1. Mind ordering 40-53, 101-114, 128-141 by average Cβ neighbours within 10 Å, highest first?
2. What translational diffusion coefficient, to the nearest whole µm²/s, does region 89-237 have by Stokes-Einstein, given a Kirkwood radius computed over alpha-carbon pairs, a temperature of 25 °C and 0.890 mPa s viscosity?
3. Using the alpha-carbon atoms, what tilt in degrees (0 to 90, nearest 10) does helix 220-236 show relative to the longest principal axis of the chain?
4. Tilt of helix 202-215 relative to the longest C-alpha principal axis of the chain, in degrees (0 to 90, nearest 10)?
5. Compute the accessible area per residue over the chain, keeping the other protein chains in place, probe 1.4 Å, unit Å².
6. Taking 0.36 nm per residue of separation and subtracting the Cα-Cα distance, what length does fully extending GLN160 through ALA109 add?
7. Just to check, using Stokes-Einstein with a Kirkwood Rh over alpha carbon pairs, what's the diffusion coefficient of region 175-237 at 25 °C and 0.890 mPa s in µm²/s?
8. Once you charge only the Cβ atoms, +1 for Lys and Arg and -1 for Asp and Glu, what is the size of the charge dipole of the chain about its Cα centre, to the nearest 20 debye?
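The values are calculated or read from the model by the stated rules, or taken from the named source; none is laboratory data. Bear in mind that the values here come from a model prediction, so they are computed numbers and not experimental data. Here Cβ is always computed from backbone atoms with ideal geometry, including for glycine, and neighbour counts include all displayed protein chains. The accessibility values were calculated without ligands, DNA or RNA, using every heavy atom of the protein model including side chains. Shrake-Rupley method; radii C 1.70, N 1.55, O 1.52, S 1.80 Å.
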Amino acid sequence: MAFLSQNLFLQALGWATLNSIWQMGLIWALYLGIQHFTQLSASRKYNLSILSLGLGMIWFTATFAIYYYNGTTGTLSTTNSVLAPTSATWSIILSSASITYLLLLIFPAYRLVQNYRFIGKLKTTGLQKTGLHYRLFVRKVALRLGIKKEVHVFLSSLIQSPVTIGYIKPIILLPVAAFNNLTVEQTEAILLHELAHIRRSDFLINLIINLIHTLFYFNPFVRLFVAAIDTEREKCC
């Protein structure tokens, strides 16, 4: 334990991890304040939430880097304080926090891997072709929206609600059970909504957001930002 408590990487990670809670909390408060005093569209709220989460990630990284590369000179501490970041007590606390964080990270990381393995399964399993009308509709609207990639549309027996997967080769999947109960107009509205996601590159952005959410699984303010991003993204589409 003495060796681990002196490990600079663990201390820096622990310092950055603990500080990220109040840092994200402060950014969340500013985010709410901006929304309260200004009238923002869904698109601007979405961009603001993305920017805020990115700022929190940068702040976390900077905090880690300052402590790691500058050591004791990179923190605001008083050598006379028992709980200063440079003290032996803090070394143990920070290293313990880092070890706990890394051990618990296994669970959200495993869940993330499983989710994207399931996405891979969706691309190859339980697929049925949609009617020619819908394939032509997707092609026509994609061109109007300026989507240069070829967009495929299939029915899937593995999902309960419409979903778009893939960034380089996007695929729109419609649930078989729901499709049989939809009118042509309703299906076209759903396809248009999913094409809007593709136009906005939401699959790629969502991948990055999920990575950040996984790394900050312990931070309640990150969860609030992710929920806000999900809400505003759907409003935008």
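1. Per-residue mean Cβ counts within 10 Å order the peptides as 40-53, 128-141, 101-114.
2. Details: Rh = 17.4 Å.
Stokes-Einstein gives a translational diffusion coefficient of 141 µm²/s.
3. Around 20 degrees separate the two axes.
4. Helix 202-215 and the main axis of the chain meet at about 30 degrees.
5. For the chain, the per-residue accessible area is 57 Å².
6. Working: separation 51, 0.36 × 51 = 18.36 nm, distance 2.42 nm.
Fully extending the segment from GLN160 to ALA109 adds 15.9 nm.
7. 182
8. Using Cβ point charges on Lys, Arg, Asp and Glu, the chain gives about 820 debye.
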